[in-house]
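Written below as structure tokens is the structure these notes are about.
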Amino acid sequence: MKDILDFFARLCIATIFLYEAYDSIAFGKLTKEKMTEVGITWNQDTLFIGAVTFLVVGAIFLVIGYRAKFAAFLLILYWVPMTFYAHSFWNDPEDIRRIQSIFFMRNIAVAGGLLMIVAHGSGKYSVRRLLDNRRIKE
């Protein structure tokens, strides 16, 4: 049961990042406007492409369980700084502070899930485990 839950947890966490990558691409102009709004103006196109690449590669690796620790670390490198930039509720006006604090805490919880993957790996149901077993049988 633990192994199935490991896989399902990786799938749930990866869904957030795959959707964010899709949303960032589908609404690229709005994403870049938001980047400008939160103060990210230096080399925006490169940062945008890099962020989408981190999201897609990290999420796919996480789902299939290939280099899951690396994928989780890659996603943390994107997720934590972005959380502090985009959801800095302590700087927001009173009327949106509450909702931004909820978004901030949610993102911190996701980062905690990623840290669990960094600490424990991908579990039994993963491409890495499949490849390891194949090498042993040969």
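The values are calculated or read from the model by the stated rules, or taken from the named source; none is laboratory data. In this text the structure is predicted, and so the values were computed from the model without any measurement. We place every Cβ from the backbone using ideal geometry, glycine too, and count neighbours over all the protein chains shown. All accessible areas refer to the heavy atoms of the entire protein, side chains included, with ligands and DNA or RNA removed. Shrake-Rupley method; radii C 1.70, N 1.55, O 1.52, S 1.80 Å.
Open to solvent by 80 Å² or more (accessible area, probe 1.4 Å), modelled with pLDDT of 95 or more and part of a loop (DSSP other than H, G, I, E, B) - does that describe any residue in the stretch 13-36? Yes, the stretch 13-36 contains at least one residue that is open to solvent by 80 Å² or more (accessible area, probe 1.4 Å), modelled with pLDDT of 95 or more and part of a loop (DSSP other than H, G, I, E, B). If we scan the stretch 64-71, do we find a residue that is hydroxyl-bearing (Ser, Thr, Tyr), more than 28 Å from Leu5 (Cα to Cα), crowded, with 17+ Cβ neighbours inside 10 Å and touching a helix residue (DSSP H, G or I) at 6+ places or on another chain (Cβ under 7 Å)? No; the residues of the stretch 64-71 include none that is hydroxyl-bearing (Ser, Thr, Tyr), more than 28 Å from Leu5 (Cα to Cα), crowded, with 17+ Cβ neighbours inside 10 Å and touching a helix residue (DSSP H, G or I) at 6+ places or on another chain (Cβ under 7 Å). Test Tyr78 against the criterion of being more than 20 Å from Met1 (Cα to Cα), open to solvent by 20 Å² or more (accessible area, probe 1.4 Å) and in contact with a Gly (Cβ under 8 Å, 6 or more places away or on another chain), and give yes or no. Against the criterion (more than 20 Å from Met1 (Cα to Cα), open to solvent by 20 Å² or more (accessible area, probe 1.4 Å) and in contact with a Gly (Cβ under 8 Å, 6 or more places away or on another chain)), Tyr78 qualifies. The combined condition, being surrounded by fewer than 13 Cβ atoms within 10 Å (Cβ to Cβ) and in contact (Cβ under 8 Å) with a residue 40 or more places away in the chain, is fulfilled by Ile4.
Would you call Phe84 modelled with pLDDT of 85 or more, surrounded by 15 or more Cβ atoms within 10 Å (Cβ to Cβ) and part of a helix (DSSP H, G or I)? Against the criterion (modelled with pLDDT of 85 or more, surrounded by 15 or more Cβ atoms within 10 Å (Cβ to Cβ) and part of a helix (DSSP H, G or I)), Phe84 does not qualify. Just to be sure before I move on: is Phe104 over 15 Å from Ala14 (Cα atoms), in a helix (DSSP H, G or I) and either of a type in the set (Phe, Trp, Tyr) or touching a residue at least 60 places away in the same chain (Cβ under 8 Å) (or both) in the structure I sent? Considered against the rule, which asks whether it is over 15 Å from Ala14 (Cα atoms), in a helix (DSSP H, G or I) and either of a type in the set (Phe, Trp, Tyr) or touching a residue at least 60 places away in the same chain (Cβ under 8 Å) (or both), Phe104 comes out as yes. Taking the criterion of being of a type in the set (Gly, Ala, Ser) and surrounded by 13 or more Cβ atoms within 10 Å (Cβ to Cβ), the residues of the stretch 87-109 that qualify are Ser88, Ser101.
Please tell me if Lys124 is more than 13 Å from the chain's Cα centre (by Cα), surrounded by fewer than 18 Cβ atoms within 10 Å (Cβ to Cβ) and touching a residue at least 60 places away in the same chain (Cβ under 8 Å). It is true that Lys124 is more than 13 Å from the chain's Cα centre (by Cα), surrounded by fewer than 18 Cβ atoms within 10 Å (Cβ to Cβ) and touching a residue at least 60 places away in the same chain (Cβ under 8 Å). Does any residue of the stretch 51-60 turn out to be within 27 Å of Asp92 (Cα to Cα), open to solvent by less than 80 Å² (accessible area, probe 1.4 Å) and touching an Asp or Glu at 6+ places or on another chain (Cβ under 7 Å)? Scanning the stretch 51-60, I find at least one residue that is within 27 Å of Asp92 (Cα to Cα), open to solvent by less than 80 Å² (accessible area, probe 1.4 Å) and touching an Asp or Glu at 6+ places or on another chain (Cβ under 7 Å), so the answer is yes.
Among the residues of the stretch 37-47, those that are open to solvent by 60 Å² or more (accessible area, probe 1.4 Å) and farther than 25 Å from Phe70 by Cα comprise Glu37, Thr41, Trp42, Asn43.
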